[in-house]
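Q: Here it is, the structure in full.
The values are calculated or read from the model by the stated rules, or taken from the named source; none is laboratory data. Bear in mind that the values here come from a model prediction, so they are computed numbers and not experimental data. Backbone-built Cβ (ideal geometry, glycine too); neighbour counts: all protein chains shown. When the accessible area is computed, the model is the full protein with side chains, heavy atoms only, and any ligands, DNA or RNA have been set aside. Shrake-Rupley method; radii C 1.70, N 1.55, O 1.52, S 1.80 Å.
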Amino acid sequence: MTVVMPEAVLQVRGLRSVFGRQVVHDHLDLDMQRGEVLGVIGGSGAGKSVLLRSIVGLKRPEGGSVYLFGEDVTGLDDEARRPFERRYGVLFQDGALFSSLTVLENVKVPLLEYYHLPPDLLDELALLKIRLAGLPAEAAHKYPAQLSGGMRKRAGLARALALDPEILFLDEPTSGLDPVSAAAFDELIRTLSAALHFSVFLVTHDLDSLYAICDRVAVLADGHVILTDRVEVVEQDPHPWIQSCFRGPRGRGSSGVFSPVRTPET
Amino acid sequence: MTTQPARVVWEADQPTQARLEGDWTLPQAQDIVTQWPQTLQTSQLLRIDVTTMGQLDTAGAMLLLRVLGSAPSADDLKKLQGLQSAHRELLALILTRRDMPLPAREHHFSGRELVIRMGKATETFWGQTRQLLGFVGLTVQTLAMVLIGRRKLRLTATVFHMEQTGLDAVPIVTLLTFLVGSVVAFLGATVLRDFGAEIFTVELVAYSFLREFGVLLTAILLAGRSGSAFTAQIGSMKSREELDAIQVLGLDAVELLVLPRLIALLIMLPLLAFLAMLSGLLGGALVGSMALDITPGMFISRLYEMTEIRHFWVGMVKAPVFAFLIAVVGCLEGMKVEGSAESVGRHTTAAVVQSIFLVILADAIFAIFFMELGV
């Protein structure tokens, strides 16, 4: 496959999510193409994480369908989902590493579960993933409790990459990191997605990440995706939430070239 | 997208040339390793044709690098003919990240290690004992300050914990002691029947429940039920920095959190122990009337005539001591929690084990004490 055809690896159609009497998503549609980095933004409580959980099968939606790699995976049981689960990786907010295992063992978990490989190849492959995630080899034998927050995220990324996924789901990967580490993490995602050819579904609050690595940005508000486009287009949209997000006091520095409309100092 | 099996095709009479075909991916890795072991180990290939290679992922790329030699460099990539640019990027990235070998894991199981661990365990035990004694002192000091009016008694919290540890435990305590009471009666009946002394079953049940089982079973149940709850409650507060917040607000965690729980348990455990004694006797009486021809009337009159009230007091006097031990250990373990949720679980387990151990230890000391006193 030399020519990359535009191909939707992820399609969400008419998704509806309800908690009790609170409707989180209603008629939510979303597409993600192969190879792209898609940023998903929205206010707190807009349902970004719920959307991610609905797609990866941790939550059963109350309506609508989710298509992964062109196939409907909405109502599948655990057994039927398994072939799809090998093809995507998820990085949870704090890495979600298994605390009783070392980093190396954590990365080996999915490899051991799905494939029978000779031990030396297994170790070599797991170490490669750890190194690709930007950790030193000494970190391999450390336990998650011995790592800093940023290192735990990188270790979680190494585990998410263990099976060479086609889609990588990231849940607020830069939250809790200092600005330098966050920028380095963005850079890492960009490099890896280019070299390993996976698509990235990035749930974030971080405007810097949107400008730095996202090909397209989907804005979640009022229970559905109100807009999906390049970030330069999105920031010009008149929707009030987008305006307050991109032109608010915290939105200015991110775009660099973008000079905001002067708002009166309060 | 169907996967093509990975293959190594040798050029006829050209030992230094080969062609790699198919998809070199993780699902194929096992086959590649088992089918072409010599290719991967001692490779003298100088020219490798990869024009017809399909997909390549990190696992396949690592195997491909093994084909190139034991320690391939960027120069070795030139041996690959017809390499796709995307694959070249991947290989180049992997080459840069293969610089560090996996460090050996430290394993030591020597005699020296054994001694070190024993020493550490002893030190930990001593440290914990000191910590417990210190905490007991702190709690008693705060309690004394409440009694002389320099600190406030948190009445609402105390009543709340009385309900949680006392009232809510009534069903489980009474049911359990009722069952144990009937079991003791059965046991006594089986042994005593051979001597024609079934009537002494009444004394057996009465002595055992008034002196020991009533209060001991209650204490063990509350250690599992309330001691662990104290640790979990205080521990999760500690891990969410609530205890730090209490301190910077100028409040006292012992006064706010420990004393209400301690006082609640000091009041409720004796009451529950009393209920437990009644319930155990009831269980014994029921078995007596059903299996041993001891009517309830006979049971009560025999109990009244033969059992002195001192046995009841021997049991009851232990209740506040047990309550104190359970509450103090539960609260202290909660305070020792640090950070993670895992720590809360570990300390909850420790609280239950320690408090049951201390309760039984104290009970044994009481038994020796009362034996010497002759009561």
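Q: Find the residue count for segment A:90-143, including only residues that are among the polar types (S, T, N, Q) and open to solvent by less than 30 Å² (accessible area, probe 1.4 Å). Step through it out loud before you land on a result.
A: Restricting attention to segment A:90-143, the residues satisfying the condition of being among the polar types (S, T, N, Q) are A:93, A:99-100, A:102, A:106.
Pick out the ones that are also open to solvent by less than 30 Å² (accessible area, probe 1.4 Å) and you get A:102, A:106.
Residues meeting the conditions: 2.
Q: Against the definition (more than 14 Å from every other protein chain (Cβ to nearest Cβ), under 14 Å from the mean Cα position of the chain (by Cα) and surrounded by fewer than 15 Cβ atoms within 10 Å (Cβ to Cβ)), how does B:Thr295 come out, yes or no?
A: On the way: more than 14 Å from every other protein chain (Cβ to nearest Cβ): yes; under 14 Å from the mean Cα position of the chain (by Cα): no; surrounded by fewer than 15 Cβ atoms within 10 Å (Cβ to Cβ): yes.
Judged against the criteria, B:Thr295 is not a match.
Q: Still on this structure: Criterion first (closer than 21 Å to B:Glu338 by Cα, assigned by TED's automatic domain parsing to the domain that holds B:Trp313, buried (at least 16 other Cβ atoms within 10 Å of the Cβ) and under 16 Å from the mean Cα position of the chain (by Cα)) does B:Ser226 satisfy it? Show your work before the answer.
A: Details: closer than 21 Å to B:Glu338 by Cα: yes; assigned by TED's automatic domain parsing to the domain that holds B:Trp313: yes; buried (at least 16 other Cβ atoms within 10 Å of the Cβ): yes; under 16 Å from the mean Cα position of the chain (by Cα): yes.
Taking the combined requirement at face value, the residue satisfies it.
Q: Condition first: under 30 Å from the mean Cα position of the chain (by Cα), more than 12 Å from B:Val287 (Cα to Cα) and either among the small types (Gly, Ala, Ser) or surrounded by fewer than 16 Cβ atoms within 10 Å (Cβ to Cβ) (or both). Now tell me which residues in segment B:164-204 satisfy that.
A: B:Gly166, B:Leu167, B:Asp168, B:Ala169, B:Val170, B:Pro171, B:Ile172, B:Leu175
Q: May I pose another question? From the residues in segment A:144-168 that are over 27 Å from B:Val33 (Cα atoms) and within 11 Å of chain B (Cβ to nearest Cβ), which one is surrounded by the most Cβ atoms within 10 Å (Cβ to Cβ)?
A: Going through the qualifying residues, I end up with A:Pro144.
Q: Something else about it: I'd like to verify a number: residues in segment B:57-100 that are within 12 Å of chain A (Cβ to nearest Cβ) and either within 46 Å of the chain's Cα centre (by Cα) or in a helix (DSSP H, G or I) (or both), how many?
A: Result for segment B:57-100: 25.
Q: Now, a different point. Restrict the check to segment A:104-114 and report whether at least one residue is in a loop (DSSP other than H, G, I, E, B) and either within 11 Å of another protein chain (Cβ to nearest Cβ) or over 23 Å from the mean Cα position of the chain (by Cα) (or both).
A: Narrowing segment A:104-114 to residues in a loop (DSSP other than H, G, I, E, B): none.
No, that holds for no residue.
Q: Taking B:Ala104, is it farther than 23 Å from A:Ala194 by Cβ and more than 8 Å from chain A (Cβ to nearest Cβ)? Walk me through it before giving the result.
A: Details: farther than 23 Å from A:Ala194 by Cβ: yes; more than 8 Å from chain A (Cβ to nearest Cβ): yes.
Criteria met by B:Ala104.
Q: Now, a different point. Going through segment A:169-184 one residue at a time, which ones are farther than 21 Å from A:Lys129 by Cα and either buried (at least 23 other Cβ atoms within 10 Å of the Cβ) or of a type in the set (Ser, Thr, Tyr) (or both)?
A: A:Ser175
Q: I need a count of the residues in segment B:229-281 that are under 22 Å from the mean Cα position of the chain (by Cα), touching a residue at least 24 places away in the same chain (Cβ under 8 Å) and open to solvent by 20 Å² or more (accessible area, probe 1.4 Å).
A: 7
Q: Here is a list: A:Val9, A:Val73. Which entry is open to solvent by less than 30 Å² (accessible area, probe 1.4 Å) and touching a helix residue (DSSP H, G or I) at 6+ places or on another chain (Cβ under 8 Å)? Break it down into steps so the answer makes sense when it comes.
A: Values: A:Val9 fails: touching a helix residue (DSSP H, G or I) at 6+ places or on another chain (Cβ under 8 Å).
One residue alone meets the criteria, A:Val73.
Q: Can you confirm whether B:Gln44 is in a helix (DSSP H, G or I), open to solvent by 30 Å² or more (accessible area, probe 1.4 Å), at pLDDT below 75 and more than 10 Å from chain A (Cβ to nearest Cβ)? Give the steps one after another, and end with the answer.
A: Working: in a helix (DSSP H, G or I): no; open to solvent by 30 Å² or more (accessible area, probe 1.4 Å): yes; at pLDDT below 75: yes; more than 10 Å from chain A (Cβ to nearest Cβ): yes.
No, not satisfied.
Q: Taking the stated definitions as given, is B:Ala29 within 13 Å of chain A (Cβ to nearest Cβ) and buried (at least 18 other Cβ atoms within 10 Å of the Cβ)?
A: On the way: within 13 Å of chain A (Cβ to nearest Cβ): yes; buried (at least 18 other Cβ atoms within 10 Å of the Cβ): yes.
Considered against the rule, which asks whether it is within 13 Å of chain A (Cβ to nearest Cβ) and buried (at least 18 other Cβ atoms within 10 Å of the Cβ), B:Ala29 comes out as yes.
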